[in-house]
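Any read-out appearing in this document is the output of simple, stated calculations on the displayed coordinates, not a laboratory observation. What you see is a predicted model, and the numbers here were worked out from it, not measured in a lab. With ideal geometry, Cβ positions are generated from the backbone for all residues, glycine too; neighbour counts draw on all protein chains shown.
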Ligand SMILES: [Zn+2]
């Protein structure tokens, strides 16, 4: 279930810290000498950061097995002089760059994990600007942008009024189910985060809508039996067929985009046996928390109806049961276009001459968005293709612009 808890203390803090900067403020900020120096530092450091991107990416980080790459990020955070560097209960690496005061506390994050299973060849090849390897963009680029921002802040000796907490997090992909963020916002830094930026994806993108999802494994069970001898027993596969037909009939809105999919089915024993079990995996998504909730209710009702109809059809002989196990829950949420953090991000892009468009996605920002904490996900510069495939590539042409953008945004938000 998705719940939004209004947190009065947090709302108060957001109000007094007024995390925003007008286009004019951002432009004049970009013209300040230390910031200009940080910009040239970023450009100068980029070749080294790209080698770092390759090196980090060659440390495998399969789902639920991020610890080796995490240890390396911890070492780098310490080397860069962050304070209070630690790894939390689920494996997020955390390091603090204290400001003049503890709040506002801006969290700047990138995810450690990839979608690739253990044993995947994670060697990265490189020809000039073009790098190829699993995870090279998603999200090795984000990790390196984060490191590049810390370095530039240090080398340009920039101090911020608020604090910036850097996080290399676990569990962003797939069945990782945003567990890093759930822990960070629910336990590790609960009540102590005023704004959140995730660097994920490429180019100059800004994601302000978090598409939520429910994922289920649904299992139908019955006594089964011989197809001839036990004929008359209810059939789990046929019950599941009814369930799939019902899902197929769901009406969902185009806007907010709301979707459903039966992705995998399995079950049965033999052509001449009434099966004792069948299962399917179902994915449902929406950018709107209300629509996702409605769809989820329809889904649960449909599963129960399918089992009941199957049992009725066979006069409750050898009846089937159904159970739906929630295997994934990504909360939905959004940071409004009119919110200060989005306006600041747009002003930063405009100041740096980068194209801007707001988008939607399923990223680490879903968790804070769902809690009403200002959050966006930004691209890390460069271009690329093939995310989540073994042919993933990252083109580093002018990729330093992505790090400059992240830096200016961090300073504008932490002032
Ligand atoms: Zn990613």
On a 0 to 90 degree scale, rounded to 10, what angle separates helix 400-414 from the longest Cα axis of the chain? 90
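Using the per-residue mean of other Cβ atoms lying within 10 Å as a proxy for protection, in what order, highest first, do the peptides 281-292, 172-183, 310-321 fall?
Going by the mean number of other Cβ atoms within 10 Å, highest first, we get 172-183, 281-292, 310-321.
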Compare the peptides 332-340, 129-137 by average per-residue count of other Cβ atoms within 10 angstrom and give them in order, highest first. 129-137, 332-340
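Relative contact order (percent) for region 212-330, with alpha-carbon contacts under 8 angstrom and 6 or more residues of separation?
Computed over region 212-330, the figure is 46 percent.
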Quick check: the distance between the Cα centres of region 44-98 and region 186-239, to the nearest angstrom? 29
Degrees, to the nearest 10: 67-79 long Cα axis against longest axis of the chain: 20
State the Kirkwood hydrodynamic radius of the chain in Å, one decimal place, computed from all pairs of distinct Cα atoms. 22.9
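I need 300, 255, 123 ordered by Cβ neighbour count within 10 Å, fewest first. Intermediate values should be presented prior to the final figure.
Working: 300 15, 255 8, 123 11.
Lowest to highest Cβ neighbour count: 255, 123, 300.
Using only Cα atoms, figure out Rg for region 308-415 and give it as a multiple of 2.2 N^0.38 Å.
For region 308-415, the normalised Cα radius of gyration is 1.72.
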Considering the convex hull of the alpha carbon atoms of region 212-330, report its projected area averaged over all viewing directions, in nm², one decimal. 6.9
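At a 10 angstrom cut-off on C-beta neighbours, averaged per residue, how do the peptides 141-151, 39-49 rank from highest to lowest?
Numbers: 141-151: 27.4, 39-49: 17.1.
Those peptides, ordered most packed to least, come out 141-151, 39-49.
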So in region 212-330, what percent of DSSP beta bridges are antiparallel if you round to the nearest 5? 95
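So in the chain, what percent of DSSP beta bridges are antiparallel if you round to the nearest 5? Working shown, then result.
Numbers: 52 of 72 bridges.
Roughly 70 percent of the DSSP beta bridges within the chain come out antiparallel.
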Restricting to Cα pairs below 8 Å that are 6+ residues apart, what does the relative contact order work out to for the chain? Please round to a whole percent. 24
Kindly express, to the nearest 10 degrees and within the range 0 to 90, the angle between helix 289-313's C-alpha long axis and the longest C-alpha principal axis of the chain. 20
Region 83-208, relative contact order in percent, only Cα pairs under 8 angstrom and at least six apart counted: 41
Along principal axes, largest first, the alpha-carbon spread of region 121-165 in whole Å comes out as 42, 21, 11
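Return 367, 124 ranked ascending by Cβ neighbour count within 10 Å, so the fewest neighbours appear first. Write out the running numbers ahead of the final one.
Values: 367 25, 124 20.
Neighbour counts put them in this order, fewest first: 124, 367.
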